[in-house]
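Asker: Okay, handing you the structure first.
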Amino acid sequence: MRRQVIISILLLLLPCLALPAREPGTASFRFGIEWGGCSTLYTAMHQNYTVEDGYRVDENHAGGTFIGNAQMLANAGVNITPHIALAAYSGLTGISKDFRVVPLTLRGTYFFKDMHCDGMLCYLDGGVGLKCKNLSDICTLLSAGTGYHLALSRAVSLEFLACVRLTLDSPDIMDPDTGKAIPAENIRVNNARYGALNFSVALSF
Amino acid sequence: MRRKSPIVLSMIILLCFCFRAEAQDYSFGLYSSLKGIGAVFEHSRPGNCFNCYSAIMDIYGMPTGRSNMPGAHFSFSHNVIYRESERNGVIYRLYWGTGGSMGFLHDFEKGLFASPGGTVLRRNYGFMAALDGNYGCKFIFRDELSIDLRFTGEFGFHMRRDEIHGNTDLACYLNGLFRAFHPQLIISYLF
């Protein structure tokens with residue numbers, strides 16, 4: 001009886017030999033391209049400044065809008081674990097009317113299933129945008145998104161992404177009478193916010 | 001016998017018209033490029049060929065703020081697969097093809113970004129007709145999804161109204177030549 005139990009246990013353990021040993025967590029590089037459309041749906045602006053004539057102007061408005069733009073990004077990063085990837089993104093993206101930036105952001109992506117399998121993902125993205133009109137002028141970009149990941153092969157994957165993006169900016173203020181920029185010491189409040197919904201397609205290698 | 005004779009006659013007539021039936025591959029996909037975005041339909045033809053039909057929204061000038069309205073671009077091409085290989089479960093197909101295109105869109109104007117009082121597109125939209133040449137590579141994954149990387153050159157004419165002089169201009173379609181090096185990415189689902 002005892003011999004039969006031992007033989008049965010050994011037979012049940014045999015399939016374990018066929019299971020591959022778990023590979024130690026080794027990071028691998030990833031790079032890719034992403035492109036898609038950005039639709040700005042919310043804008044808010046609050047500016048409080050003194051003009052050259054001495055009177056103070058206070059402008060405060062917020063509301064819904066629709067401004068269509070697009071974005072084209074490239075990224076390079078690391079697959080830290082089979083579920084987590086970290087990558088730096090840059091390219092060209094539109095924020096609002098005649099407002100385009102070169103984003104420099106860092107994105108952390110979480111794959112609910114292994115990144116080598118099809119499944120959902122989510123990500124957080126944050127960084128700065130260099131304004132195309134003056135690259136030394138920056139704004140803040142924050143995004144949170146989700147998507148579906150298709151592992152086409154061991155090396156190539158296709159992702160369909162959707163995200164909400166918030167842009168924080170302090171734009172230059174022009175004196176309406178002289179047309180010159182208001183000096184910083186005459187500006188009390190200068191905030192602009194843009195909320196956008198982005199849809200994009202990404203190829204990762 | 002009289003009741004059966006129409007049936008027999010119909011069968012004889014149908015046998016005279018033997019239609020050639022073949023299983024055909026179809027695919028429907030999304031077209032993405034600096035030239036525009038749109039939809040593409042492809043179906044296979046005998047002899048390692050396939051036809052491609054595309055309807056694209058031409059976005060010349062829009063990414064750089066010089067225009068805010070897209071144009072329309074339609075094209076057809078007949079493509080020949082001249083090399084096919086498989087590696088790690090991915091099928092690679094190299095192909096070339098020719099065809100034609102037509103549309104209602106902007107042609108090339110000097111300048112890149114719009115600036116105040118500067119380089120917005122001044123000329124009108126116009127009618128375009130051209131002959132195309134394609135070259136590309138198709139990557140087929142899991143027998144159901146393909147990604148095409150394609151380059152297309154177009155040689156034709158662009159006819160537009162000149163508002164200043166009140167006449168109609170006929171010119172070579174320059175964007176068809178200048179944008180021939182713009183890569184086109186087509187992501188398709190195979191039926």
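Readers should treat all values here as calculations from the given coordinates under stated rules, not as data from a laboratory. Just so it is clear, the model here is predicted, and its values are computed rather than measured. We place every Cβ from the backbone using ideal geometry, glycine too, and count neighbours over all the protein chains shown.
Asker: Residue by residue through A:151-162, how many Cβ atoms from other chains fall within 10 Å of the Cβ on average?
Answerer: 3
Asker: Over the alpha-carbon set of region B:23-190, work out the extent along each principal axis and list the three values in angstrom, largest first.
Answerer: 57, 28, 21
Asker: Out of A:P171, A:M45, A:C139, whose Cα points farthest toward the positive end of the dipole of region A:21-204 (charges: +1 Lys, Arg; -1 Asp, Glu; placed on Cβ)?
Answerer: Farthest towards the positive end: A:C139.
Asker: Per residue, what volume in Å³ does the convex hull of the Cα atoms of region A:33-94 enclose? Provide the component values of the computation, followed by the final result.
Answerer: Working: hull volume 10.2 nm³, N = 62.
With only Cα atoms used, region A:33-94 gives 164 Å³ per residue.
Asker: For the protein assembly as shown, count all C-alpha to C-alpha pairs, find those more than 40 Å apart, and express that count as a whole percent of the total.
Answerer: Taking all Cα-Cα pairs of the protein assembly as shown, the fraction more than 40 Å apart is 37 percent.
Asker: In whole percent, what relative contact order does chain A give with Cα contacts below 8 Å and a gap of six or more residues?
Answerer: Computed value for chain A: 22 percent relative contact order.
Asker: A further question on this structure: Give me the mean projected area, in nm² to one decimal, of the convex hull enclosing the Cα positions of region A:21-204. Please list the in-between numbers first.
Answerer: Numbers: hull surface 47.1 nm².
In nm², the orientation-averaged hull projection of region A:21-204 is 11.8.
Asker: Compute the FRET efficiency between A:T50 and B:L131 as 1/(1 + (r/R0)^6), taking r as their Cβ-Cβ distance and R0 = 56 Å, and round to the nearest 0.05.
Answerer: Values: r = 63 Å, r/R0 = 1.13.
Efficiency for this residue pair is about 0.35.
Asker: Can you tell which of B:Y189, B:G89, B:G136 lies farthest toward the positive end of the dipole of region B:23-190, using +1 and -1 charges on the Cβ of basic and acidic side chains (Lys, Arg; Asp, Glu)?
Answerer: After comparing all options, I get B:G136.
Asker: Mind checking which lysines have their C-alpha under 30 Å from B:K110, skipping anything on the same chain fewer than 8 residues away?
Answerer: In chain and number order, the partners are A:K97, A:K131, A:K133, A:K180, B:K35.
Asker: Taking the Cα atoms only, what angle lies between the long axis of helix A:2-13 and the longest principal axis of chain A, rounded to 10 degrees?
Answerer: It is inclined by approximately 40 degrees.
Asker: A further question on this structure: About its Cα centre, what dipole magnitude does the protein assembly as shown give when the only charges are +1 on Lys and Arg Cβ and -1 on Asp and Glu Cβ, stated in debye to the nearest 20? Please report the intermediate quantities before stating the final value.
Answerer: Numbers: 35 positive and 33 negative charges, 363 e Å.
That gives the protein assembly as shown a dipole magnitude of about 1740 debye.
Asker: Another question about this same structure. Would you mind ranking A:C122, A:C38 by Cβ crowding within 10 Å, fewest neighbours first?
Answerer: Placing the least packed residue first, the sequence is A:C122, A:C38.
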